[in-house]
Structure formats: structure tokens, C-alpha cells
1. Under 12 Å from the Cβ of THR126, count the other residues' Cβ atoms, weight Lys and Arg +1, Asp and Glu -1, and hand me the total.
2. Counting alpha carbon pairs within less than 8 Å and at least 6 residues apart, what relative contact order, in whole percent, applies to segment 50-156?
3. Among the GluC sites (Glu not before Pro) within segment 70-156, which fall in a DSSP loop and have no more than 10 other Cβ atoms within 10 Å of their own Cβ?
4. Might you work out the accessible area of MET137 for me, using a 1.4 Å probe with all protein chains in place, and round it to the nearest 10 Å²?
Amino acid sequence: MRMRKIRILLSVLLIGLMTAVGQTGYYIPSERFSSGLINDLCQDQYGYMWIATDYGLNKFDGYRFTTYLNHEQDTTTIGNNVVDYVFCDRDGQLWVGTSRGLDRFDYATGQFIHYPFPRDRQPRVTKITQLKDGRLMVATSGYRGLYFMENGQLED
């Protein structure tokens with residue numbers, strides 16, 4: 001009888017300990033994202049997590065979220081709110097592919113720089129990668145499909 005009480009007491013203590021340890025983790029609810037649909041993510045050289053969503057770009061610094069949205073009257077904001085792809089290149093630059101083009105985030109100013117496509121096209125950027133020679137290769141859906149960043153300009 002005494003052994004049974006000790007087992008019950010140990011079981012209760014063990015369950016209580018496991019519950020206390022399990023609740024010390026940090027949970028991030030999805031309501032903090034600007035959209036529930038996450039398309040892509042990457043971590044930059046500063047440790048920030050960049051999350052591409054169907055309604056804006058989100059930055060997580062480990063404690064809080066910052067949301068970047070397009071404002072039509074402000075050309076320094078992200079080019080479009082539908083963000084499909086984010087890419088951190090070898091030089092530490094953050095590239096953002098939207099449903100209407102390609103942007104680069106300027107860490108010094110907190111603004112976005114837009115890179116126009118040839119012939120005023122505005123394709124959906126679906127993938128960005130960096131070649132061994134340092135050039136960016138930008139894949140799009142529609143139009144020509146594949147572009148290269150040469151001397152700060154996109155070429156097909």
C-alpha cells in the first residue's frame with residue numbers, strides 16, 4: 001500500500017514537472033503575420049527572419065514582427081503586397097520577389113529599391129538564385145521566364 005502511494009506521488013510530480021518544462025517554450029501565434037499564407041522565408045546575416053506572405057513581407061527580430069506593405073503613393077515601399085520569394089545573397093543583400101516584380105531591401109534606410117524588367121514587364125518573381133560569378137538569376141512566371149541581373153539591371 002505504501003509503495004503504491006509513493007508511485008502515485010512520483011507520477012503526479014513527474015507530470016507536473018513535464019508540464020512546467022513544456023510551458024517555458026516561446027510560442028508565436030500566426031495572428032502576428034500579415035497573412036496566414038506563408039510563401040517563403042529566409043534568415044539574413046543579421047539573424048532576422050524574413051517571411052514572404054500573400055499580404056506583405058514580415059520581419060521577425062526574435063521578439064517582435066515588423067510588416068512591410070505597399071503604399072501606392074510611396075515609391076520606397078515594397079512594390080506589391082503579394083510576396084512570393086525572399087532571397088539573401090552572398091553579399092548580404094535581401095531580394096524580394098513579388099507578384100509584380102523584384103525589389104531589394106536597403107538596410108541603411110529601411111526602404112525598398114525597385115528593379116524594372118525589360119520592356120516595362122511586371123512578372124511574378126517565383127525564384128531567385130545567385131550564380132558562381134555573383135550574378136542573380138531571377139525566374140518568373142509568364143513573359144520570358146528567366147532574367148539575369150547584369151550591372152544592376154535585369155536583362156533577358
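The values are calculated or read from the model by the stated rules, or taken from the named source; none is laboratory data. Computed from a predicted model, the values in this text were never measured in an experiment. Neighbour counts are summed over all protein chains in view; Cβ atoms, including those assigned to glycine, are modelled from backbone coordinates with ideal geometry. Areas reflect the complete protein model, heavy atoms only, side chains present, ligands, DNA and RNA absent. Shrake-Rupley method; radii C 1.70, N 1.55, O 1.52, S 1.80 Å.
1. Numbers: positive: ARG124, LYS127; negative: ASP40, ASP84.
So the environment of THR126 carries a net charge of 0.
2. Working: 242 pairs, mean separation 17.7, N = 107.
So the answer I get is 17 percent.
3. Details: sites: GLU72, GLU150, GLU155; in loops: GLU72.
Those satisfying the criteria are GLU72.
4. 50 Å²
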